[in-house]
Amino acid sequence: MGVLNYTQSGRAAAITPSNTVNIPSVSGGTNTEGCILYTGSGGTIKVMTIGGDIVTFFSVPAGQVLQVRVLRVYAEVTTASNLVALW
């Protein structure tokens, strides 16, 4: 795993949470480096990190950028919406 600098993102895409499918790479392939998340509307976000940890973030405010490298956003439990992956 390389060290990524997400101070400024060069790419972005809206994502749909899924219990079974990882967020694809920005180029459309397999995503092993992860992405960080922007949440347009606040709520709870359950994710899998690039290290394989499954964690739930509660009370995430709208407009927040989660500085955690994420492979998957789970549909179960996640109530936040308008999620955007940033690379």
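The values are calculated or read from the model by the stated rules, or taken from the named source; none is laboratory data. Note that the coordinates shown come from a computational prediction; the quantities given were computed from them, not determined experimentally. Please note: Cβ atoms are built from the backbone with ideal geometry, for glycine as well, and neighbour counts cover all protein chains shown.
Sort through Val77, Val73, Val60, Val84 and tell me the only one that's surrounded by 13 or more Cβ atoms within 10 Å (Cβ to Cβ), on the phi > 0 side of the Ramachandran plot and at pLDDT 95 or above.
Within the list Val77, Val73, Val60, Val84, the selection yields Val77.
Here is a list of conditions, (1) at pLDDT 95 or above; (2) within 19 Å of Gln8 (Cβ to Cβ), and Gln67 meets all of them except one; can you say which number that is?
(1)
I need every pair where a residue in region 72-87 that is more than 11 Å from Ile15 (Cβ to Cβ) and touching a residue at least 60 places away in the same chain (Cβ under 8 Å) has its Cβ under 6 Å from the Cβ of a residue that is in a strand (DSSP E or B) and of a type in the set (A, V, I, L, M, F, W, C), sequence separation at least 6 or different chains.
Trp87/Cys35
Starting from region 3-30, keep only residues that are surrounded by fewer than 14 Cβ atoms within 10 Å (Cβ to Cβ), then list their pairs with residues that are of a type in the set (Asp, Glu) and modelled with pLDDT of 95 or more whose Cβ atoms are within a distance under 8 Å, requiring at least 6 positions of separation or different chains.
Here the result reads Asn19/Glu76, each pair linking region 3-30 to a residue that is of a type in the set (Asp, Glu) and modelled with pLDDT of 95 or more.
Please go through region 20-51 and give me each residue that is more than 13 Å from the chain's Cα centre (by Cα) and either small (Gly, Ala, Ser) or at pLDDT below 95 (or both), ordered by number.
Passing the criteria: Ser27, Gly28, Gly29, Thr30, Ser41, Gly42, Gly43, Gly51.
Any residue at all in region 48-71 that's touching a residue at least 40 places away in the same chain (Cβ under 8 Å) and out of contact with any strand residue (DSSP E or B) (no Cβ under 8 Å at 6 or more places or on another chain)?
No, the conditions are met nowhere in region 48-71.
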